Amino acid sequence: MSIMQILKYPDPRLRLKASHVNHVDNDIRCLVSDMFETMWDAKGIGLAATQVDVHKRVVVMDLNGDGSSPRVFINPEIEVLDATCVAYEEGCLSIPDIVESIERPSRVVIRALDEDGISFQEDATDLLAVCIQHEIDHLEGKLFVDYLSAMKRQRIRKKLKKNRE
């Protein structure tokens, strides 16, 4: 297992769409393992492969952030079950130290493959629903700041640039 470099906004590679995983093999399982190590090292609860410059439809999550509830979603898709939106404070490992309130549908069904290539379906609410939507956005080349006004995005870019200097 190894810790991978997390791409930081506004890196253009974060805008690339991830490709479908045709077969879950040892390479994908190794990627999943490295993604978990990377996410936990960075104190995150979710990570999409796009964020580590691997453009495959793979997401890992641990909503507790402590290794106690690891989840894998390969080729995840969602269907909105309740269009009522809820606001959550969202952050992102690719946009460090920035948290903004984002509204997303409150209930979705997730369809994906697990790390053994077995398909599953799960109803998701609350944090799981928000997190899977956030991570699928990454797979589509979209970031949570895209939901914000242009002025807020510009302010965030300036703050991140200042933090890097």
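Modelled spin-label separation between residue 42 and residue 125, with each label point placed 7 Å from Cα along the Cα-to-Cβ direction: 3.0 nm. The listed residues 45, 132, 3 rank as 3, 45, 132 when sorted by accessible area, largest first, using a 1.4 Å probe. Within the shell of other residues whose beta carbon sits under 13 angstrom from the beta carbon of residue 107, the net charge comes to -4, with Lys and Arg scored +1 and Asp and Glu -1.
Per-residue ellipticity at 222 nm, computed for the chain from helices alone with -39500 (n - 2.57) per DSSP H run of at least four residues, works out to -9000 deg cm²/dmol. Under 5 Å between amide hydrogens, built in the peptide plane, is the criterion, and for residue 81 it picks out 107, 108, 109 among residues at least 5 positions away or on other chains.
Taken along the Cα-to-beta-carbon direction at a fixed 7 Å, the label points for residue 55 and residue 89 span 3.5 nm. For the pair residue 116 and residue 63, a Förster radius of 22 Å applied to the C-beta separation gives a FRET efficiency near 0.60, rounded to the nearest 0.05. Would you work out if the chain is rounded, prolate or oblate? Take a ≥ b ≥ c from the square roots of the eigenvalues of the alpha-carbon gyration tensor; rounded if a/c is under 1.5, else prolate when a/b is larger than b/c, oblate otherwise. Taking the square roots of the gyration eigenvalues as a ≥ b ≥ c, the chain is oblate. Among the trypsin sites (Lys or Arg not before Pro) found in the stretch 1-95, those both in a DSSP coil and sparsely packed, with 12 or fewer other Cβ atoms within 10 Å of their Cβ, are 17, 43.
The values are calculated or read from the model by the stated rules, or taken from the named source; none is laboratory data. Since this is a predicted model, take the numbers as computed values, not measurements. Heads up, the Cβs are rebuilt from the backbone with ideal geometry, glycines too, and the neighbour counts pull from every protein chain shown. Please note that ligands, DNA and RNA were not included when accessible areas were found on the heavy atoms of the full protein model with its side chains. Shrake-Rupley method; radii C 1.70, N 1.55, O 1.52, S 1.80 Å.
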